[in-house]
Amino acid sequence: MRRVVPVLAILAWRNLWRNYRRTLIMLLAIGLGVWAMIFMAAVMRGMTDEMVRNGLHTLPGEVQIHQRDYRRDPSVVNSMAPPSGALLQALQQPPVVAWAARVRVPAVLASERGSRGVTLLGVDPQAEAPLGSLPQELVAGRFLSGADDRGLVLGASLARRLETGLGKRVVIMSQDPHNNVADRGARVVGIYRARLSGTEERFLYAGRSVVQDMLGMGGAVSEVAASAGDYRHVAAWYPRIAAAAGADLEVVSWTELDPFLDTMLGVQDGFSLVFMVVIFLALSFGLINTLVMAVFERIREIGLMQALGMRPRLILAQILLESLFLLVLGLAAGNLLALLSIVPLESGIDISGVALGMEMMGMGNTLYPVLALRDMLMSTGVVVTLGLLASLLPAWRAARLDPVRALNTT
Amino acid sequence: MNVTWLLAWRNLWRHRRRTWLTVGAMVFCNVLLVFLISLQLGSYQMMIDGTLSAFTGHIQIQHRGYLQDQRMRQSVPDAALLAQRLREVPVVDSAAARAEAFALASSEERSFGVLLTAVQPHYEPRVSTLPDMISQGRYLRASDAHEIVLGSLLARNLKVGPGDEVTFLGSARDGSFAAAVATVVGIVHSGMDDVDRNLAQVPLGWFQRVFAMGDRGHAIVLRVHHLDQVDAAVAALRAALPAGESLVVLDWETLQPGLRQAITSDMASAWFMYAVLIVLVAFSVLNTQLMSVLERTREFGVMLALGMRPSRLARLVAMETGLLGLLGLVLGIALGALLTAYLGHVGFTYPGMDDMAARFHLPARMYPRVSLLSLCWGPATVFVGAMLAALYPALRLLRLRPVAAMRAA
Amino acid sequence: MSSISCHNLCKTFRQGDEVITALDRVCLDIDEGEFVCLSGPSGSGKTTLLNAVGALDSPDSGAITVGGRRVDNLSRSAQADMRLHHIGFVFQAFNLIPVLSARENVEFVMQVQGVPAARRRQVADQVLAEVGMAGLERRRPAQLSGGQQQRVAVARAIASKPALVLADEPTANLDSSSAAQLMDLFVTLNAERGITFVISTHDARVMAYAGRLIKMRDGMIVADEPQQPRAMGA
Ligand SMILES: Nc1ncnc2c1ncn2[C@@H]1O[C@H](COP(=O)(O)OP(=O)(O)O)[C@@H](O)[C@H]1O
Ligand SMILES: [Mg+2]
């Protein structure tokens, strides 16, 4: 058997090119199909990544630590002492690369012209920066200089709605631990722009110590956020933090904080697979057809080979090889096409025309397709496995031909 | 019977298996297209209905600029009266006046910034489905009462229930300090977190007093009988509005631009898949028809020798492709309609869909709906694709010379 | 009046670097009602000559008239019309459209000619009967013997009442008795309808039927003489 494989391969290869038009059309179809599979997967991967990135940006930190009741009742009442002891130790060790403690409470921001409900973040800029949780783009002014900066940084669209601007005074109101309304006048020192306009309207940044003073909460904070760099592997390390935090604190990963994002990541591969299988099914009819025709045209030849003593199994192998060559060539073409078309697009496709619609799904106005080896391998797996399965039928029919009758076919 | 059609039909069956495989590709694609397009159109309809009937309404009348800036003073004068007058406009089904203001809401234990929406308790249920989603207590009654209904999550955050009091602090229209106390009369539970976390509705008359609004509002919300009457209604309303006031009539696409864009972007990715499927099927047809033409070269040579014009042969191939396509079309529509009707009856779901659906106010089970458009659009395009694919093999025949063709191996 | 007249026909083919002279200054006149056999070894130019006369192919140079009409310089569509209405063809093999029955094969050509449906059916059955195929009208080519298939081809060729029928090795794929029957049919049609026949062959038994025997070699006519046709059925 081993010795005949090279002969079979040569035979299969030459047979493939006997009807070069048919082979080329089929190659074109497979190439296009494979390209579409990878392209669609790349776009979907890009969308999910973007959704998760944006989602993580609005709940900064892959792991968050709160007082037990905070998530159900995000009030200043449910704050926690800043990390110390075992927890502090765990946060200062790898794999954690950055962590920050912040105050995060609901508040109302009022200007002379109106007021809005917001989420007030009392932050320590030095600790937040490595977490990547601060606004990325300032359109005016500066960001807070430290935890005791007395200024405020707010989003561009909030500023527009409140008819306020850089240097203007505004009033923040929020509840102190005794349910008295604490208020404080402050000056706008910076205005930021975010990917999602919802973020701009919601988050208001102030110095942590300033907020703690205003609300009379001493050194307490609302949440501690930590990151290890790659959000996909959070499950590996957050239990250790949870253990260090003890029973009074609740430690959750982003997958629990935003189950939607987690679901999206989970179903993304599934969707890609379904898409690939559907595309392949549309292709498979043509593939089977090509092989059926190839066998049909060669009935006499196959009869002759059988008459010369070729085992049915070798004939089966020969047809399967022919199919494999076709599939592999098509895959190569499709992958190359995908590479050529996706790589230039990885810097981003402008979709601002439908930005508001995409925002409903948590997307910004640029789509970054991601060409992942995983998707290329998945498409190859689908095409080769299902392709060979589909080829089995015509190959099996060829192997079962009766040599005498085959030889007498005109 | 016309011999040419007969010839085309019989030629189709010279290679049964090949023909069925090609028809199979078309049927597969058609069934998929019928199903997906039905699903798509059905879910868009539900998405639009769900979003609009919850709160937005089909049309709103607002002060120019209010949609962008939502400033308190960008108001609609004589709001209740205007709503009353607009109810008389024939295409308008119902109309209700609303006003909005941000305020700090405090209960005994908690304080939150909320967006208060002032409504006409009598008319609001006719423009919005939220009043029907009361899970505890009742909806607002009189326009002047100091009552409030809260979303279930907001009520939980404020730690209040029916009977409790909530204090409001905010700024009135004239910039003065506005403060008032209202009693919680009902809790709305819609299942949509966004709504349940933010909803706070109070009667319009009470609101106008507290926030020094006079008889002004911020929007008149209107519903028409059918979504497709919106354009006509917008025109009628523009004519009916008092001249000189800076009021604008906004249709739902302007009020919820995200909705239309979400549909557009969803369509774009769906079209990509459809286009790929259709092109792949066209390749299948191209392959089949090219093979069928090439293997009949001698036969075509004889026909040319007998004095047949090449264009006639091309027409024959077109007829064969037409029959092939028709077969795929009819079977595809039939099976597609069956499958879609069945799933439209029992509904279906896929993992992750409930999360996704909630974002667009959709139920967690999908019911595709068969319509003439969803039935015919896909299969018709596949048919056209097949005919285009046959162009190459058919046109090749125009170059065929009888002598060369008959000598062909 | 002469039915076919060829003057100085030349035709060459290229096969790779080689130039093959298929017709070399052929001059030929055939009168109406003649029964001519074109003989010669394979590759001598018989098919090329028939194709030129039948307006299937144009010569490189020279002139051909058929029934008083110039056919060598016609446009492709004029050539097609000429074949459709004025010349009947019978080929060696692959003569019939395999998916159509005997009757439909005959009808099909008439349909292309624009004959009305009712008349098509009548004429088809009539010519099929004339060639001895009555009762077999509904058979498909695959259900007919080689000789029967050629008869259907003849029926199709004469259905439009052409003055000239060209047959290129019509008996090459037939056994000898079928061949004899086919030749008898040709002779009968020649005698009863006055159709001119030009038949190429390299079978001596076929040549015996002809009233005039033309011999070709290397694209040239090497002999052209009348002969006493052998008697019917002998
Ligand atoms: N289309 C063609 N291309 C190349 N050579 C041709 C072509 N047709 C005929 N020939 C050559 O011309 C010569 C005469 O052929 P043909 O007329 O078919 O001979 P015959 O019919 O007598 O056997 C042969 O050598 C043949 O190979
Ligand atoms: Mg010949």
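The values are calculated or read from the model by the stated rules, or taken from the named source; none is laboratory data. Here the structure is a predicted model, which is why all the values come from computation and not from measurement. Counting neighbours? That spans all protein chains shown, and the Cβs are built from the backbone with ideal geometry, glycine included. Heavy atoms of the whole protein, side chains included, go into the accessibility calculation; ligands, DNA and RNA do not. Shrake-Rupley method; radii C 1.70, N 1.55, O 1.52, S 1.80 Å.
Yes/no matrix, rows are residues, columns are (1) part of a loop (DSSP other than H, G, I, E, B); (2) surrounded by 20 or more Cβ atoms within 10 Å (Cβ to Cβ):
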residue	(1), (2)
B:Thr22	no, yes
B:Met26	no, yes
B:Leu39	no, yes
B:Thr51	no, yes
B:Ala54	no, no
B:Glu88	yes, no
B:Arg98	no, yes
Please enumerate the residues belonging to region B:111-149 that are within 14 Å of another protein chain (Cβ to nearest Cβ) and either hydrophobic (A, V, I, L, M, F, W, C) or on the phi > 0 side of the Ramachandran plot (or both).
-> B:Phe112, B:Val114, B:Leu115, B:Leu116
Count - residues of region C:5-52 that are within 28 Å of C:Asp184 (Cβ to Cβ), within 16 Å of ligand 2 (Cβ to nearest atom) and open to solvent by 30 Å² or more (accessible area, probe 1.4 Å) | 3
Somewhere in region A:212-232, is a residue surrounded by fewer than 20 Cβ atoms within 10 Å (Cβ to Cβ), out of contact with any strand residue (DSSP E or B) (no Cβ under 7 Å at 6 or more places or on another chain), farther than 27 Å from A:Gly146 by Cβ and not aromatic (Phe, Trp, Tyr)?
-> yes
Under 8 Å between Cβ atoms, at least 6 apart or on separate chains: pull out the pairs that start in region B:390-408 with a residue that is farther than 29 Å from B:Gly325 by Cβ and touching a residue at least 60 places away in the same chain (Cβ under 8 Å) and end on any residue that is open to solvent by 90 Å² or more (accessible area, probe 1.4 Å) and within 16 Å of ligand 2 (Cβ to nearest atom).
-> B:Met406/C:Phe94
Subset of region C:203-234 that is within 16 Å of ligand 2 (Cβ to nearest atom), out of contact with any strand residue (DSSP E or B) (no Cβ under 6 Å at 6 or more places or on another chain) and of a type outside the set (Val, Ile, Thr) - its residue that is nearest to the other protein chains (Cβ to nearest Cβ) = C:Met216
Inspect region B:232-249 for any residue being among the polar types (S, T, N, Q) and either part of a helix (DSSP H, G or I) or over 24 Å from B:Ala96 (Cα atoms) (or both) and give the result as yes or no.
-> no
For region B:231-257, which residues satisfy the criterion of being farther than 17 Å from B:Arg87 by Cβ and β-branched (Val, Ile, Thr)?
-> B:Val248, B:Thr254
Members of region B:258-281 that are β-branched (Val, Ile, Thr), within 13 Å of A:Val278 (Cα to Cα) and in contact (Cβ under 8 Å) with a residue 12 or more places away in the chain = B:Ile278, B:Val281
Region B:356-375 - residue that is surrounded by fewer than 18 Cβ atoms within 10 Å (Cβ to Cβ) and at pLDDT 65 or above and, of those, nearest to the other protein chains (Cβ to nearest Cβ) = B:Ala364
Among the candidates B:Ser269, B:Ser311, residue that is within 14 Å of chain C (Cβ to nearest Cβ) and not acidic (Asp, Glu) = B:Ser311
Report the residue count in region C:56-99 for those that are open to solvent by less than 60 Å² (accessible area, probe 1.4 Å), within 11 Å of chain B (Cβ to nearest Cβ) and of a type in the set (D, E, K, R).
-> 3
Given the conditions (1) in the same structural domain as B:Ser75 (by TED's automatic domain parsing); (2) surrounded by fewer than 19 Cβ atoms within 10 Å (Cβ to Cβ), report the number of the one that B:Leu222 does not fulfil.
-> (2)
Select, from C:Arg76, C:Arg83, the only residue that is away from ligand 1 (no atom under 14 Å from the Cβ), modelled with pLDDT under 90 and touching a Gly at 6+ places or on another chain (Cβ under 8 Å).
-> C:Arg83
If you go through C:Ala191, C:Ala172, C:Ala163, the only one that is within 16 Å of ligand 2 (Cβ to nearest atom), of a type outside the set (D, E, K, R) and open to solvent by 30 Å² or more (accessible area, probe 1.4 Å) is C:Ala172
Taking only pairs six or more apart or across chains, which ones have beta-carbon atoms under 6 Å, a first residue in region C:157-174 that is touching a residue at least 24 places away in the same chain (Cβ under 8 Å) and within 16 Å of ligand 1 (Cβ to nearest atom), and a second residue that is open to solvent by 30 Å² or more (accessible area, probe 1.4 Å) and not in a loop (DSSP other than H, G, I, E, B)?
-> C:Asp168/C:Thr47; C:Asn173/C:Gly146
Those residues of region A:233-256 that are under 17 Å from the mean Cα position of the chain (by Cα) and either open to solvent by 70 Å² or more (accessible area, probe 1.4 Å) or within 13 Å of chain B (Cβ to nearest Cβ) (or both) come to a total of 4
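For every residue, the table says whether it meets (1) under 21 Å from C:Pro162 (Cβ atoms); (2) near ligand 1 (Cβ under 8 Å from one of its atoms); (3) assigned to a loop (DSSP other than H, G, I, E, B).
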{"residue": "C:Ala22", "(1), (2), (3)": "no, yes, no"}
{"residue": "C:Asp29", "(1), (2), (3)": "yes, no, no"}
{"residue": "C:Gly43", "(1), (2), (3)": "no, yes, yes"}
{"residue": "C:Ala52", "(1), (2), (3)": "yes, no, no"}
{"residue": "C:Leu56", "(1), (2), (3)": "yes, no, yes"}
{"residue": "C:Ile64", "(1), (2), (3)": "yes, no, no"}
Go through region B:297-314 residue by residue and tally those that are under 18 Å from B:Leu12 (Cβ atoms), open to solvent by 10 Å² or more (accessible area, probe 1.4 Å) and touching a Lys or Arg at 6+ places or on another chain (Cβ under 9 Å).
-> 1
Working carefully through the options C:Arg230, C:Arg212, find the one that is surrounded by fewer than 21 Cβ atoms within 10 Å (Cβ to Cβ), away from ligand 1 (no atom under 16 Å from the Cβ) and at pLDDT 90 or above.
-> C:Arg212
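Yes or no, residue by residue, for (1) under 13 Å from A:Ala390 (Cβ atoms); (2) open to solvent by 40 Å² or more (accessible area, probe 1.4 Å):
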{"position": "A:Gly286", "(1), (2)": "yes, no"}
{"position": "A:Asn289", "(1), (2)": "yes, no"}
{"position": "A:Val295", "(1), (2)": "no, no"}
{"position": "A:Arg300", "(1), (2)": "no, yes"}
{"position": "A:Met305", "(1), (2)": "no, no"}
{"position": "A:Gly309", "(1), (2)": "no, yes"}
{"position": "A:Pro312", "(1), (2)": "no, yes"}
{"position": "A:Ile315", "(1), (2)": "no, no"}
{"position": "A:Ile319", "(1), (2)": "yes, no"}
What number of residues in region A:165-191 are within 14 Å of chain B (Cβ to nearest Cβ), open to solvent by 20 Å² or more (accessible area, probe 1.4 Å) and not basic (Lys, Arg)?
-> 9
Of all residues in region B:165-187 being more than 14 Å from chain A (Cβ to nearest Cβ) and of a type outside the set (A, V, I, L, M, F, W, C), which is surrounded by the most Cβ atoms within 10 Å (Cβ to Cβ)?
-> B:Gly186
Check on B:Gln62, more than 18 Å from B:Arg209 (Cβ to Cβ) and in contact (Cβ under 8 Å) with a residue 24 or more places away in the chain = yes
How many residues does region B:314-337 contain that are polar (S, T, N, Q) and either touching a Cys at 6+ places or on another chain (Cβ under 9 Å) or at the interface with another protein chain (Cβ under 10 Å from one of its Cβ atoms) (or both)?
-> 0
